[in-house]
Amino acid sequence: MVRTNLKKSVVSKRKGVSVLMSSVCAVAFAGLAHAQDGGPEALEDDVIIVQGERAFVGTKSETPITEIPQSISVISAEEFRDRAAIDFQDIFRYSAGVGASNSIDSRGDFVTARGFDSQQYVDGLKRMPDFIYGARLEAYSLQSAEVLRGPSSVLYGANGPGGVLNGVSKKPQYEFGGELGVVAGTDQRIQVQGDITGPLVGDFAGRLVGLWRDGETQWGTPDDRKFLNPSVTWSPSEDTEITFIALYQKDANGSLGYLPLSKSLLAPNEDEKVDFNFYQGEPGFNGMDTEFWSTSLLINQQLTDNLSFNSRTRYSNMNTDYREIYSDTADGGFVAAVSLFADPEETFLRREFYVNREQSEVVNTDNNILYSFNVGAIENSVLVGVDYTWFDQVKNEGFSCSGYPFPPCWEGGSPPPINIYDPVYGADFTFGATNFLEYGSTQLGVYVQNQMTIADRLHILLGGRRDKATSTRNGVEELDQTAWTFRGGFIADLAFGVSPYFSYSESFLPVPGGDFFGNPFVPRTARQYEAGIKWQPVNGALITASLFDIEESNYISADPTNIQNFVQGGSVGSKGFELEASLRMPGAFDLLAAYSYTDAEVLASSQYLTAGDRLVGVPQDLASAWLSKDIDLNGSWELRAGAGVRYIGDVIDTTQSLLTPSATLVDALVSFSYDDWVVSVNASNLFNKKYFALCELASPPDGYCIAAKDRTVMGSITRKF
């Protein structure tokens, strides 16, 4: 039985995590000691400066991470390629405090940081201003990714308390280079991909990134993509760089799979368990087809020696056709709690449908001026900017009338029940969309920030912002609000690379739309206190320890009686600590280790929240370690080998009575290089651990589980030039 003493369970698991992290730290410090024993000359020869010592995301300028009083991580494309990252959420699986979704949900990438949803950005611009079905970010288009933890509205406007995940696009280079590759692997995956860049004519450089993929999800539904990403940079002088980026993406995906709780996690015996990859939908019906395109203009202009201008603008357009059959009670929980099953033997699962056709447009732009000057012994870098976001979405959705016995719903009925042990697909039923909605929102923000440096030792960061946010629903104004947010902190370089810091930050997140019944949401607001130490003992090493305390008001939570509804109210908080070490050690060893403890709970009660309850779906403990090594075999031959382990703590459900168990997963890499050829095998969840991303007891009444991603193995052949 999974409903156990929660405190006892947490304590026992944390002991195991502590042993893992102790071992990791022992390896890390042994490597550092070895480097230091070799003296300065040994450091210069053996230790290579790793990527990720500078970040754009923390200050909107390229700043050393050790000068920013907030927790930041940078992951290079090589790192997330080594770890078999397919989707954007996979990139952050080895980052402290970041909880990547463990399931494959075609609707989007769902990543939490410090217990809260995090916002996705590309090149400093928010990718989607609201939850929009479809068009997940393609990892192959990125040269790196950044994590800024905690509230960050001063620089990024509408933002939640979890933080910012920023993808950095591949951009044209003036030196010719590139690669072509073929990838094949589990889930019937075949992928052809290419990336080529170099000079064009005059002061222009170009780049073309593209891929074609034919594959399946673990449920046998489509996972296909066509992707094209051309870009051009014009740099007529050292002071001017203008980059134009276009992107086209067409996807065919399946929708999520659900397992009855009583036939999976809480099954009384093995005979009653349903197959781990059982699919409750109709493979010919369930799915999501999306067509997405965008154009971006990035301008960097050095006006004088101490004055620069930066501008980023993007327009994006997306069409989505989403169709889902999911398990639910015949009345959707609105009238009475009836069984998920249509027969006393609990063999035939009741089903309902949901369809959603969306068309979305987004325009966002961010423009700022950076002015550097000295006042006595104080160096100042003042950033003044304005950003604007316009969002419009038209959607037409439909529900089964038996699942939702009130308008708007489809009178044609529901899909027939399905045998969970011997599913037969191809059911005939009628469906349609009857609920027309049009959302619109705007946000205009003005911000100012000053980075001050005193005696090249003390770095002070101060910032403030004023936002105006509006939203409409079917032409009726539902939100018009202004808000101030602030940020401040300091970090001091004491000695031996040790830099303690403290910071305070706020967030303001307008929430367009409303609940299932048409009640509008109000903005969410949050604040964070953070203290920590960043230690850079040698070049190529960065170890960060941080403590944080976050509180958010007007929290949005799932309605346990209606899977399609969300409710707002109460306040929640998150306290904890994080450790992260990134090292390039002598002998060409790379080590990345992370541990985080997050105590996320309800602070003030609301309709479906009770003070003291854990936040749903947030693991208290996350731990990971990745070790890789480059080995020169013979002349032109080189071997790269790596392995990692990830621990994902248990999570609580809406009822606060059911734990989804923890899981420990293993990833691995083997790669051979010969001249310009690379042959690699990458695996995540190498031993095919069968575990669940989330199990819910409340909705529908019998409960459900979502199967986590099973084993992924990919073999690739790449020709570099």
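The values are calculated or read from the model by the stated rules, or taken from the named source; none is laboratory data. Owing to the predicted nature of the structure, the values given are computational and were not obtained by experimental measurement. Counting neighbours? That spans all protein chains shown, and the Cβs are built from the backbone with ideal geometry, glycine included.
Would segment 181-203 turn up any residue that is basic (K, R) and touching a Leu at 6+ places or on another chain (Cβ under 8 Å)?
Step one: of segment 181-203, the residues basic (K, R) are 189.
So of that shortlist, the ones also touching a Leu at 6+ places or on another chain (Cβ under 8 Å) come out as none.
For segment 181-203, residues basic (K, R) and touching a Leu at 6+ places or on another chain (Cβ under 8 Å): absent.
Among S308, S264, S231, which is the only one that is of a type in the set (S, T, N, Q) and either under 17 Å from K171 (Cβ atoms) or touching a Pro at 6+ places or on another chain (Cβ under 8 Å) (or both)?
On the way: S308 fails: either under 17 Å from K171 (Cβ atoms) or touching a Pro at 6+ places or on another chain (Cβ under 8 Å) (or both); S264 fails: either under 17 Å from K171 (Cβ atoms) or touching a Pro at 6+ places or on another chain (Cβ under 8 Å) (or both).
Step by step, each of S308, S264, S231 is checked, and only S231 is of a type in the set (S, T, N, Q) and either under 17 Å from K171 (Cβ atoms) or touching a Pro at 6+ places or on another chain (Cβ under 8 Å) (or both).
Just a yes or no: is a residue in segment 534-544 farther than 16 Å from S118 by Cα, surrounded by fewer than 19 Cβ atoms within 10 Å (Cβ to Cβ) and among the small types (G, A, S)?
Looking for residues that are farther than 16 Å from S118 by Cα, surrounded by fewer than 19 Cβ atoms within 10 Å (Cβ to Cβ) and among the small types (G, A, S), one finds none in segment 534-544, hence no.
Looking at segment 237-294 only, could you name the residues that are closer than 30 Å to E358 by Cα and of a type in the set (D, E, K, R)?
K250, D251, E282, D289, E291
Scan segment 487-507 and tell me whether some residue there is buried (at least 20 other Cβ atoms within 10 Å of the Cβ), of a type outside the set (S, T, N, Q), in contact with a strand residue (DSSP E or B) (Cβ under 6 Å, 6 or more places away or on another chain) and modelled with pLDDT under 90.
no
Here is a check on your reading of the model: is E241 in contact with a Phe, Trp or Tyr (Cβ under 8 Å, 6 or more places away or on another chain), over 25 Å from K689 (Cβ atoms), in contact (Cβ under 8 Å) with a residue 40 or more places away in the chain and not in a strand (DSSP E or B)? I'd like the intermediate steps shown before the answer.
On the way: in contact with a Phe, Trp or Tyr (Cβ under 8 Å, 6 or more places away or on another chain): yes; over 25 Å from K689 (Cβ atoms): yes; in contact (Cβ under 8 Å) with a residue 40 or more places away in the chain: yes; not in a strand (DSSP E or B): no.
It is false that E241 is in contact with a Phe, Trp or Tyr (Cβ under 8 Å, 6 or more places away or on another chain), over 25 Å from K689 (Cβ atoms), in contact (Cβ under 8 Å) with a residue 40 or more places away in the chain and not in a strand (DSSP E or B).
Output yes when any residue across segment 367-374 is in contact with a Lys or Arg (Cβ under 6 Å, 6 or more places away or on another chain), farther than 30 Å from R457 by Cβ and either among the charged types (D, E, K, R) or surrounded by 15 or more Cβ atoms within 10 Å (Cβ to Cβ) (or both), and no when none is. Steps first, please.
Of segment 367-374, the ones in contact with a Lys or Arg (Cβ under 6 Å, 6 or more places away or on another chain) are none.
No: zero hits.
I'd like the full set of residues that are more than 25 Å from S311 (Cα to Cα) and either part of a strand (DSSP E or B) or free of Cβ contacts under 8 Å to residues at least 60 places away in the same chain (or both), limited to segment 110-122.
Within segment 110-122, the subset more than 25 Å from S311 (Cα to Cα) is 110-117.
Across segment 110-122, the qualifying residues are F110, V111, T112, A113, F116, D117.
Output the number of residues of segment 518-532 satisfying the condition of being over 13 Å from S503 (Cβ atoms) and either of a type outside the set (D, E, K, R) or surrounded by fewer than 22 Cβ atoms within 10 Å (Cβ to Cβ) (or both). Before the answer, list the steps.
To start, the set of residues in segment 518-532 that are over 13 Å from S503 (Cβ atoms) comprises 518-526.
After this cut, where a residue has to be either of a type outside the set (D, E, K, R) or surrounded by fewer than 22 Cβ atoms within 10 Å (Cβ to Cβ) (or both) as well, the list is 518-523, 525-526.
Of the residues in that region, 8 qualify.
Applying the selection to segment 180-196, what residues are surrounded by 15 or more Cβ atoms within 10 Å (Cβ to Cβ) and in contact with an Asp or Glu (Cβ under 6 Å, 6 or more places away or on another chain)?
Once the filter is applied, which keeps residues that are surrounded by 15 or more Cβ atoms within 10 Å (Cβ to Cβ) and in contact with an Asp or Glu (Cβ under 6 Å, 6 or more places away or on another chain), segment 180-196 yields D187, D195.
Can you go through L137, L125 and tell me which one is under 13 Å from the mean Cα position of the chain (by Cα) and under 24 Å from S311 (Cβ atoms)? Walk me through it before giving the result.
Details: L125 fails: under 13 Å from the mean Cα position of the chain (by Cα).
Testing whether each residue is under 13 Å from the mean Cα position of the chain (by Cα) and under 24 Å from S311 (Cβ atoms) leaves just L137.
Every residue in segment 60-84 that is surrounded by 24 or more Cβ atoms within 10 Å (Cβ to Cβ) and among the charged types (D, E, K, R), please.
R83
Just one of E358, E324, E345 is over 26 Å from the mean Cα position of the chain (by Cα) and either buried (at least 18 other Cβ atoms within 10 Å of the Cβ) or over 30 Å from E397 (Cα atoms) (or both); which is it? Write out each step before concluding.
Working: E358 fails: over 26 Å from the mean Cα position of the chain (by Cα); E324 fails: over 26 Å from the mean Cα position of the chain (by Cα).
Criteria check complete, one pass: E345.
For segment 170-222, list the strands (runs of 3 or more DSSP E) that sit wholly inside it and hold at least 2 residues that are modelled with pLDDT of 95 or more, within 23 Å of the chain's Cα centre (by Cα) and over 30 Å from I706 (Cα atoms); which are they? Can you show your working first?
On the way: elements: 177-185, 189-199, 204-214.
In segment 170-222, 204-214 are the strands (runs of 3 or more DSSP E) which contain 2 or more residues that are modelled with pLDDT of 95 or more, within 23 Å of the chain's Cα centre (by Cα) and over 30 Å from I706 (Cα atoms).
State yes or no: is Q120 within 26 Å of P222 (Cβ to Cβ) and in contact with a strand residue (DSSP E or B) (Cβ under 6 Å, 6 or more places away or on another chain)? Talk me through it step by step, then tell me what you get.
Numbers: within 26 Å of P222 (Cβ to Cβ): yes; in contact with a strand residue (DSSP E or B) (Cβ under 6 Å, 6 or more places away or on another chain): yes.
Yes: the conditions hold for Q120.
So how many residues does segment 310-355 have that are modelled with pLDDT of 90 or more and at positive phi?
1
For segment 663-688, name all the residues that are among the hydroxyl-bearing types (S, T, Y) and more than 13 Å from R81 (Cβ to Cβ).
Start the filter on segment 663-688 by keeping residues that are among the hydroxyl-bearing types (S, T, Y), which leaves 664, 671, 673-674, 680, 684.
Listed by number, the residues that qualify are T664, S673, Y674.
Restricting attention to segment 424-477, and to residues there that are of a type outside the set (S, T, Y), farther than 20 Å from G385 by Cβ and in contact with a Leu (Cβ under 9 Å, 6 or more places away or on another chain), which single residue is modelled with the highest pLDDT?
Among those residues, the one meeting the criterion is R457.
On the given criteria, is L261 within 22 Å of the chain's Cα centre (by Cα) and at pLDDT below 95?
Values: within 22 Å of the chain's Cα centre (by Cα): no; at pLDDT below 95: yes.
Considered against the rule, which asks whether it is within 22 Å of the chain's Cα centre (by Cα) and at pLDDT below 95, L261 comes out as no.
Among the residues of segment 210-220, is there at least one that is out of contact with any Cys (no Cβ under 9 Å at 6 or more places or on another chain), more than 23 Å from S684 (Cβ to Cβ) and not acidic (D, E)? Step through it out loud before you land on a result.
Going residue by residue through segment 210-220, those that are out of contact with any Cys (no Cβ under 9 Å at 6 or more places or on another chain) are 210-220.
Then keep just the ones that are more than 23 Å from S684 (Cβ to Cβ); that gives 210.
Then keep just the ones that are not acidic (D, E); that gives 210.
Looking for residues that are out of contact with any Cys (no Cβ under 9 Å at 6 or more places or on another chain), more than 23 Å from S684 (Cβ to Cβ) and not acidic (D, E), one finds at least one in segment 210-220, hence yes.
Just the residues that are crowded, with 16+ Cβ neighbours inside 10 Å and in contact with a Leu (Cβ under 6 Å, 6 or more places away or on another chain), please, taken from segment 226-243.
Result: F227, N229, T243.
If I ask for residues that are buried (at least 24 other Cβ atoms within 10 Å of the Cβ) and in a loop (DSSP other than H, G, I, E, B), which ones from segment 85-109 would you list?
Matches in segment 85-109: A85, I86, R93, Y94, S95, A96, G97, N102, I104, S106.
Looking at G426, G432, can you tell me which residue is in contact with a strand residue (DSSP E or B) (Cβ under 7 Å, 6 or more places away or on another chain), surrounded by fewer than 16 Cβ atoms within 10 Å (Cβ to Cβ) and not in a strand (DSSP E or B)? Outline the logic, then answer.
Working: G426 fails: in contact with a strand residue (DSSP E or B) (Cβ under 7 Å, 6 or more places away or on another chain).
None of the other options fit; the residue is G432.
Please tell me if R457 is of a type in the set (K, R), under 16 Å from P69 (Cβ atoms) and crowded, with 22+ Cβ neighbours inside 10 Å. Even if it seems obvious, please write down each step before you answer.
On the way: of a type in the set (K, R): yes; under 16 Å from P69 (Cβ atoms): yes; crowded, with 22+ Cβ neighbours inside 10 Å: no.
No: the conditions fail for R457.
For I550, indicate whether it is in a strand (DSSP E or B), more than 26 Å from the chain's Cα centre (by Cα) and in contact (Cβ under 8 Å) with a residue 60 or more places away in the chain.
On the way: in a strand (DSSP E or B): yes; more than 26 Å from the chain's Cα centre (by Cα): no; in contact (Cβ under 8 Å) with a residue 60 or more places away in the chain: yes.
So I550 does not fit the description; no.
Residue by residue through segment 683-709, note down the ones that are over 19 Å from the mean Cα position of the chain (by Cα), closer than 30 Å to F672 by Cβ and in contact (Cβ under 8 Å) with a residue 40 or more places away in the chain.
Selection gives A683 alone.
Can we say V394 is out of contact with any His (no Cβ under 6 Å at 6 or more places or on another chain) and under 28 Å from T442 (Cα atoms)? Reasoning before the result, please.
Details: out of contact with any His (no Cβ under 6 Å at 6 or more places or on another chain): yes; under 28 Å from T442 (Cα atoms): yes.
Yes; evaluated as a whole, the condition is true for this residue.
If I filter segment 122-162 down to residues being under 27 Å from Q359 (Cα atoms) and of a type in the set (S, T, N, Q), which single residue comes out as modelled with the lowest pLDDT?
Step one: list which residues in segment 122-162 are under 27 Å from Q359 (Cα atoms), which gives 122-142, 156-160.
Checking the rest, the ones that are also of a type in the set (S, T, N, Q) come to 141, 159.
Numbers: S141: 97, N159: 87.
So, considering only residues that are under 27 Å from Q359 (Cα atoms) and of a type in the set (S, T, N, Q), the one modelled with the lowest pLDDT is N159.
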